[in-house]
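Written below as structure tokens is the structure these notes are about.
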Amino acid sequence: MADNPKKTKAPCSTCVGEKTHEVLFETQQQDEDWLYTYAMISCGGCETISMRVESRWHDGSVTHAYYPSPVSRQQPSWLQYMRLGLDAVEETIGDLIYEVYRAVDSKQYRLAAMGIRAALEQVMILKVGDNGTFKKNLDAFQQGGFISTIQREAMRATLDVGDAAMHRGYTPNEGDLRIALDVLDGVCAPIFGHGDEAKKMGKRVPPRKG
Ligand SMILES: [Zn+2]
């Protein structure tokens, strides 16, 4: 390691946001029009290692791509629970969501959006049965108390992104994906994870007096 390691600003998906990274290794490749610089970088905050590919066009314009993508995030604990195999249907949905996270890692945002849509649909059917249409499933899901009115609107918008990716050639951007993953997490966490944890916490908390 050099005495004065090269530093660079880059997004970190663990810390969330731009962080100073140390450049661990760097190499370049050139073709007729492009100069590519590949850098292995380590976050100064959390030491997560990622790769940056800088593509420099001969006119000097530059684009950066990061792997895993900056939208990536750690798998939620409820997902690990789903994939344990305690319930066959939950495990199948969990495996699908796991693939969504892998698609996000490799910037396959269309596949990720379609996967999120499919996962939300399967979660609804698991909990309230198949009522025939998307809207009816959403209605039953909300009436069953699984989501609030606010979450319903967010879920509707997320389903629309997946729908547009599937049927209308829409490519979701990083912002769309971030929101869609938040919505998926918001819907799934109370159903598949936090319920048991909350019950355990309830047993530890002393009861109210009077
Ligand atoms: Zn970090």
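Take region 9-45 and flag every residue that is among the β-branched types (Val, Ile, Thr), within 16 Å of the ligand (Cβ to nearest atom) and loosely packed, with under 14 Cβ neighbours inside 10 Å. Within region 9-45, VAL16, THR20 meet the criteria. Of the residues making up region 84-116, those that are among the aliphatic types (A, V, I, L, M), part of a helix (DSSP H, G or I) and either open to solvent by 50 Å² or more (accessible area, probe 1.4 Å) or not assigned by TED's automatic domain parsing to the domain that holds ALA189 (or both) are ALA88, VAL89, LEU111, MET114.
Considering ALA119, ALA140, the condition of being in contact (Cβ under 8 Å) with a residue 24 or more places away in the chain and in a helix (DSSP H, G or I) is satisfied by ALA119 alone.
I want to confirm something. Restricting to region 119-139 and keeping residues that are surrounded by 18 or more Cβ atoms within 10 Å (Cβ to Cβ) and of a type in the set (A, V, I, L, M, F, W, C), which single residue is farthest from ALA165 (Cα to Cα)? Here the answer is VAL128.
Elements of the type strands (runs of 3 or more DSSP E) sitting completely within region 1-53 and holding at least 1 residues that are at pLDDT below 90 and within 17 Å of THR63 (Cα to Cα): these cover 7-12, 17-30. Say whether the condition of being modelled with pLDDT of 95 or more, touching a helix residue (DSSP H, G or I) at 6+ places or on another chain (Cβ under 8 Å) and in a loop (DSSP other than H, G, I, E, B) is met by at least one residue in region 59-70. Looking through region 59-70, none of the residues is modelled with pLDDT of 95 or more, touching a helix residue (DSSP H, G or I) at 6+ places or on another chain (Cβ under 8 Å) and in a loop (DSSP other than H, G, I, E, B). The numbered conditions (1) away from the ligand (no atom under 16 Å from the Cβ); (2) in contact (Cβ under 8 Å) with a residue 60 or more places away in the chain are all true for VAL71 except (1).
Within region 117-151, the set of residues being of a type in the set (D, E, K, R), over 19 Å from ALA88 (Cβ atoms) and over 22 Å from the mean Cα position of the chain (by Cα) comprises LYS135, LYS136, ASP139.
If only residues of region 65-83 that are buried (at least 21 other Cβ atoms within 10 Å of the Cβ) and within 9 Å of ILE97 (Cβ to Cβ) are counted, the one that is nearest to the chain's Cα centre (by Cα) is LEU79.
The values are calculated or read from the model by the stated rules, or taken from the named source; none is laboratory data. Computed from a predicted model, the values in this text were never measured in an experiment. Reconstructed Cβ throughout: ideal geometry from the backbone, glycine too, with neighbour counts over all protein chains shown. Areas reflect the complete protein model, heavy atoms only, side chains present, ligands, DNA and RNA absent. Shrake-Rupley method; radii C 1.70, N 1.55, O 1.52, S 1.80 Å.
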